[in-house]
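Enquirer: Below are the structure tokens for one structure; questions will follow.
The values are calculated or read from the model by the stated rules, or taken from the named source; none is laboratory data. The shown structure was predicted, so the numbers you read here are calculated from the model rather than taken from an experiment. When we count neighbours, we look across all protein chains shown, and the Cβ atoms used for this are built from the backbone with ideal geometry, even at glycine.
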Amino acid sequence: MIEPVVPMQPVQVDEPFDDSKWLYQIKWDGVRMLSYFDADGVRLVNRKLRDHTFKYPDLTTALAEQVRAKSVILDGEIVGFGEDGKPTFSASLKRDLVKSADKAQVLARTRPAYYMVWDILYADGRWLLEEPLSRRQQRLADVLEPGPSIKLVDSHDAGTALFRVMQEQEMEGIVAKEREGIYRLGEYNPTWKKIKHYRFVHAVVGGAIVKSGLVNSLLIGLYQEDQLIYIGRAATGLDNAMIQALTQFVNHLPSQPPPFQNPPRHTGNAYEKVVWFPPQLVVEVRFMEWTSDLTLRAPVVLGFRETEVRACVF
């Protein structure tokens with residue numbers, strides 16, 4: 001049996017680029033997964049070395065039929081698609097968070113998952129980690145027969161053009177990979193660079209989580225007609241000056257009801273409480289995407305803005 005390994009990770013950079021020594025691939029916004037195939041069958045193991053094989057009976061069956069080798073380790077992402085035909089992280093999670101094999105069998109029929117494969121680390125008893133990416137890709141094409149649910153990720157020569165398409169399609173971004181780069185297990189390595197397409201919104205602050213006497217995160221929303229709709233909790237990006245100013249603001253607020261039409265549940269603990277704000281502060285927020293329940297994925301607070309609160313709408 002092949003022992004699971006920790007995959008290589010890309011480093012993040014701010015801008016796309018073009019370089020003939022690099023190739024460019026779509027970042028699929030799914031769940032990172034390595035697949036292991038040998039005489040014992042197929043296993044799917046995530047980057048934290050947790051076995052998720054039972055969650056994807058459809059993909060394990062397909063892999064067993066489409067691998068043309070006695071043993072392999074493949075690297076890729078398991079992706080789910082929304083009703084608009086675009087990959088979404090929330091659709092991927094609906095498959096990956098399943099708790100029972102019976103439920104996984106049902107979801108395999110009702111919520112198809114797709115395994116987007118971009119690399120091969122091992123084949124027929126030999127590690128390929130020291131081979132350049134260009135050679136590994138050739139080996140991958142020889143070993144894996146693509147099918148309806150198992151796909152080989154396409155490579156492109158122009159990074160800026162591909163990134164522009166991702167922006168137009170409102171997809172997550174791209175990954176640039178050095179053609180002659182080798183594979184470093186368990187490392188964030190600059191031979192792979194990810195460039196993400198972020199989105200931005202001006203949102204109304206409707207409350208805050210206060211922890212140990214200091215504002216810890218913001219509860220934010222947007223207006224839909226005359227109702228303020230909760231869209232998420234944002235903590236990343238709050239610097240010390242913002243925390244101090246918000247904490248002083250909180251300390252002078254009278255008790256009041258939540259301004260949201262759909263206030264979030266908060267169980268809290270002895271060190272944490274919710275304070276509701278009058279809808280008068282606006283922050284700019286960077287985020288990855290809207291989830292299926294209309295909240296922001298990976299929000300980052302960029303700062304306060306003077307925008308009129310009623311202008312913060314869906």
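Enquirer: Just checking, how many residues over the stretch 284-314 are part of a strand (DSSP E or B) and touching an Asp or Glu at 6+ places or on another chain (Cβ under 9 Å)? Lay out the reasoning, then the answer.
Expert: First, the residues of the stretch 284-314 that are part of a strand (DSSP E or B): 284-287, 289-290, 296-297, 300-305, 313.
Those still in the list that are touching an Asp or Glu at 6+ places or on another chain (Cβ under 9 Å) too: 289, 296-297, 301-305, 313.
Residues flagged as part of a strand (DSSP E or B) and touching an Asp or Glu at 6+ places or on another chain (Cβ under 9 Å) within the stretch 284-314 amount to 9.
Enquirer: So, one more: Any residue at all in the stretch 60-71 that is under 22 Å from the mean Cα position of the chain (by Cα) and not aromatic (Phe, Trp, Tyr)?
Expert: no
Enquirer: So which residues in the stretch 42-90 are in a helix (DSSP H, G or I), at pLDDT below 95 and not hydrophobic (A, V, I, L, M, F, W, C)?
Expert: 90
Enquirer: Does the stretch 105-145 hold any residues that are more than 24 Å from the chain's Cα centre (by Cα) and assigned to a loop (DSSP other than H, G, I, E, B), and which are they?
Expert: Within the stretch 105-145, 124, 125, 128, 129, 130, 131, 132, 145 qualify.
Enquirer: Can we say residue 281 is surrounded by 14 or more Cβ atoms within 10 Å (Cβ to Cβ), touching a Lys or Arg at 6+ places or on another chain (Cβ under 8 Å), in a strand (DSSP E or B) and at pLDDT 90 or above? I'd like the intermediate steps shown before the answer.
Expert: Numbers: surrounded by 14 or more Cβ atoms within 10 Å (Cβ to Cβ): yes; touching a Lys or Arg at 6+ places or on another chain (Cβ under 8 Å): no; in a strand (DSSP E or B): yes; at pLDDT 90 or above: yes.
Judged against the criteria, residue 281 is not a match.
Enquirer: If residue 197 passes every condition in (1) in contact (Cβ under 8 Å) with a residue 12 or more places away in the chain; (2) out of contact with any Gly (no Cβ under 9 Å at 6 or more places or on another chain); (3) not aliphatic (A, V, I, L, M) but one, which one does it miss?
Expert: Unmet condition: (2).
Enquirer: A follow-up question, please. When the stretch 1-41 is examined, which residues are found to be in contact with a Gly (Cβ under 8 Å, 6 or more places away or on another chain), more than 25 Å from residue 52 (Cβ to Cβ) and not in a strand (DSSP E or B)?
Expert: 16, 17, 18, 19 - these are the residues of the stretch 1-41 that are in contact with a Gly (Cβ under 8 Å, 6 or more places away or on another chain), more than 25 Å from residue 52 (Cβ to Cβ) and not in a strand (DSSP E or B).
Enquirer: When the stretch 72-88 is examined, which residues are found to be surrounded by fewer than 18 Cβ atoms within 10 Å (Cβ to Cβ) and either among the β-branched types (Val, Ile, Thr) or in contact (Cβ under 8 Å) with a residue 24 or more places away in the chain (or both)?
Expert: 81, 82, 86
Enquirer: Still on this structure, please answer the following. If you go through the stretch 286-296 one residue at a time, do you hit one that is in contact (Cβ under 8 Å) with a residue 24 or more places away in the chain and more than 30 Å from residue 87 (Cβ to Cβ)?
Expert: No, the stretch 286-296 has no match at all.
Enquirer: Moving on to the next point. How many residues, within the stretch 164-205, are assigned to a helix (DSSP H, G or I) and either within 17 Å of the chain's Cα centre (by Cα) or modelled with pLDDT under 95 (or both)?
Expert: Going residue by residue through the stretch 164-205, those that are assigned to a helix (DSSP H, G or I) are 164-168.
Pick out the ones that are also either within 17 Å of the chain's Cα centre (by Cα) or modelled with pLDDT under 95 (or both) and you get 166-168.
The total comes to 3.
Enquirer: Answer yes or no: is there a residue in the stretch 230-252 that is more than 30 Å from residue 130 (Cβ to Cβ), buried (at least 16 other Cβ atoms within 10 Å of the Cβ) and polar (S, T, N, Q).
Expert: Checked the stretch 230-252: at least one residue is more than 30 Å from residue 130 (Cβ to Cβ), buried (at least 16 other Cβ atoms within 10 Å of the Cβ) and polar (S, T, N, Q).
Enquirer: Now, a different point. Among residues belonging to the stretch 206-220 that are more than 23 Å from the chain's Cα centre (by Cα) and of a type in the set (Gly, Ala, Ser), point out the one that is surrounded by the fewest Cβ atoms within 10 Å (Cβ to Cβ).
Expert: Ranking the qualifying residues of the stretch 206-220, first place goes to 212.
Enquirer: Additional query: Return the only residue of 123, 91 being buried (at least 21 other Cβ atoms within 10 Å of the Cβ), more than 30 Å from residue 21 (Cβ to Cβ) and out of contact with any Asp or Glu (no Cβ under 6 Å at 6 or more places or on another chain). Step through it out loud before you land on a result.
Expert: Numbers: 123 fails: more than 30 Å from residue 21 (Cβ to Cβ).
The unique qualifying residue is 91.
Enquirer: Quick check, is residue 257 part of a loop (DSSP other than H, G, I, E, B), at negative phi, in contact (Cβ under 8 Å) with a residue 12 or more places away in the chain and more than 30 Å from the chain's Cα centre (by Cα)?
Expert: In short, yes.
Enquirer: Looking only at the stretch 91-104, count every residue that is in a helix (DSSP H, G or I) and either modelled with pLDDT under 95 or under 19 Å from residue 30 (Cβ atoms) (or both) and tell me the total.
Expert: 7
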